[in-house]
1. What tally of residues in region A:198-210 results from selecting those that are surrounded by fewer than 24 Cβ atoms within 10 Å (Cβ to Cβ) and at the interface with chain B (Cβ under 8 Å from one of its Cβ atoms)?
2. Testing A:ASP277 on (1) charged (D, E, K, R); (2) at pLDDT 95 or above; (3) assigned to a loop (DSSP other than H, G, I, E, B), one condition comes back false. Which one is that?
3. Could you tell me which of the residues B:LEU219, B:LEU224, B:LEU236 is free of Cβ contacts under 8 Å to residues at least 60 places away in the same chain and surrounded by fewer than 24 Cβ atoms within 10 Å (Cβ to Cβ)?
4. Output the residue which, of all residues in region B:38-49 that are buried (at least 20 other Cβ atoms within 10 Å of the Cβ) and either of a type in the set (D, E, K, R) or assigned to a strand (DSSP E or B) (or both), is modelled with the lowest pLDDT.
5. Somewhere in region A:232-254, is a residue in a loop (DSSP other than H, G, I, E, B), away from chain B (no Cβ under 12 Å) and at pLDDT 95 or above?
6. What tally of residues in region B:173-206 results from selecting those that are assigned to a strand (DSSP E or B) and under 20 Å from the mean Cα position of the chain (by Cα)?
7. Just checking, how many residues over region A:179-197 are within 7 Å of chain B (Cβ to nearest Cβ) and closer than 26 Å to B:ALA252 by Cα?
8. When you look at A:VAL170, is it in contact with a helix residue (DSSP H, G or I) (Cβ under 8 Å, 6 or more places away or on another chain), outside any loop (DSSP other than H, G, I, E, B) and more than 27 Å from B:THR211 (Cα to Cα), yes or no?
There are 2 protein chains.
Amino acid sequence: MIAQAPEAVTAEGPLAIICGGGTLPFTVAEAAKERGRAVYIYALSGWADPHRVKDYPHRFGAIGQLGHFCRFAREAGCRDVVCIGSLIRPALSQLRVDLATIMALPDIVAAFRGGDNHLLSSVGRILEKSGFRLLGAHEVAPEILMKEGALGGFKPSPRDEADIAYGLDVLRSTSSFDIGQAVVVADLRVLALEAAEGTDLMLERIADLRTRGRVRMALGRGVLVKAPKAGQDRRLDLPSIGPDTITLVARAGLAGVAVAAGATIIAEPQRVAQAADASKLFAVGISESGITR
Amino acid sequence: MIAQAPEAVTAEGPLAIICGGGTLPFTVAEAAKERGRAVYIYALSGWADPHRVKDYPHRFGAIGQLGHFCRFAREAGCRDVVCIGSLIRPALSQLRVDLATIMALPDIVAAFRGGDNHLLSSVGRILEKSGFRLLGAHEVAPEILMKEGALGGFKPSPRDEADIAYGLDVLRSTSSFDIGQAVVVADLRVLALEAAEGTDLMLERIADLRTRGRVRMALGRGVLVKAPKAGQDRRLDLPSIGPDTITLVARAGLAGVAVAAGATIIAEPQRVAQAADASKLFAVGISESGITR
């Protein structure tokens, strides 16, 4: 894990953002604009907020319409591309394909074998073959990365710290299998490990398991731990948390959330801190070296 | 993993079965009776089938009533004890305790820190301190273990075999963390990894993720893989499958289920084979050495 935030890419020139769901693409767009870059948004229909894209020159498109995207980005004079926002892994049969996509088909089919990591790094290769430079959102807007230390007033107890260290060990051992980036640990017991369901549904499961009597841990015990996978293409898929994560952590009855500092995207840090304080939860960025065993 | 079924314990003398939910305790009881052993059932209230326990000398009790159980088992002249059947990990606050349990309290409190494995091996130590010999259900009834090869007419394809090998690798890497004994892999992608939810809820999750569009795999792809954890106390907690597992595997849209031969309990093998054939699924017992990489 990287503990340090990378330097912002200061290169000039317009930036194309392939824009999924949520507010994060607009945080990145604003940060890039403040650095003096022109921003063009390729809005993925059904995902990108149709109201907020209006603030930028934009075009709507679908995943897989590589030729359509390339024309849009080239017309705008963009070489740099950032992909950001929520998305669900598409099914091959649901992709709307155009000619350029069909030309890239061997890469795309290969991308659909194996885990998310594999899918995403293939996206990077495909864009680069088309003459673009794929950047991580945190490279154009380093302020979206979680820093070390607590957001808000609560901090992990020594027991929470033991659960965090255990959770990091679990994530380290599973990351080579391209499994999810999150785990819930309480009293050194793994309650849930994320795979295809994603972090939100995993947290809802903890609340559900309490209702069903399968998790009978006292309220206020346990930690959500998030960290990037080993060998993950960080330009495309850093773990992220936001205010909704805190709401779900509270509903799951946990003590807090710990994420890898410098390698986790934090959407709306002020709202995260407020939500954590309101629920008496901690939200901390941790560096590996900061964890005692 | 053990590929060979252990020899049955042929020792004479009456057997006490601490009986949880499901039909498996009665399969074990019948097998022990056929071998000429008297069988006494300590039925866990709320779990043990109250109708079927009537076929045996029995007493109802609750988890944690160690003194009550010990009196029952000693009166019956039992030295050997088997714990078998479904149960949910109890909360310390919900245990009904008696004096003998309070005497054993330091062990019991220790048992509630850490994962299931840790809990279960502590149960073994507590029973042995009380003068009993804890046996695995498969030691008194080896016929409950899954054998190598397919039950029913369907077999894994080469693609399924690759998913099975991958799943076994995942389980091997996570088992030191005392996480669950099951994983779902499709096209070399981990869709779900079991922790506190148990296998049934994990399979329901796959069906749910299809509905939500988060898993868009074609139907008939993917495998449920089950294997015991490393260092697990096999007297208490071998993985198991039964006809209901097949129903859930079918609902999840998978191709089949693969379990560690000689180290997985199979409840009602004929019904498992029928259910697998009816859903065109495979159900195979595999030895580690039988898996090609």
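The values are calculated or read from the model by the stated rules, or taken from the named source; none is laboratory data. Computed from a prediction, not measured in an experiment: that's the story for all the values here. We place every Cβ from the backbone using ideal geometry, glycine too, and count neighbours over all the protein chains shown.
1. Total meeting the criteria: 3.
2. If we test A:ASP277 against (1) charged (D, E, K, R); (2) at pLDDT 95 or above; (3) assigned to a loop (DSSP other than H, G, I, E, B), just (3) comes out false.
3. B:LEU219
4. B:LEU44
5. yes
6. 5
7. 8
8. yes
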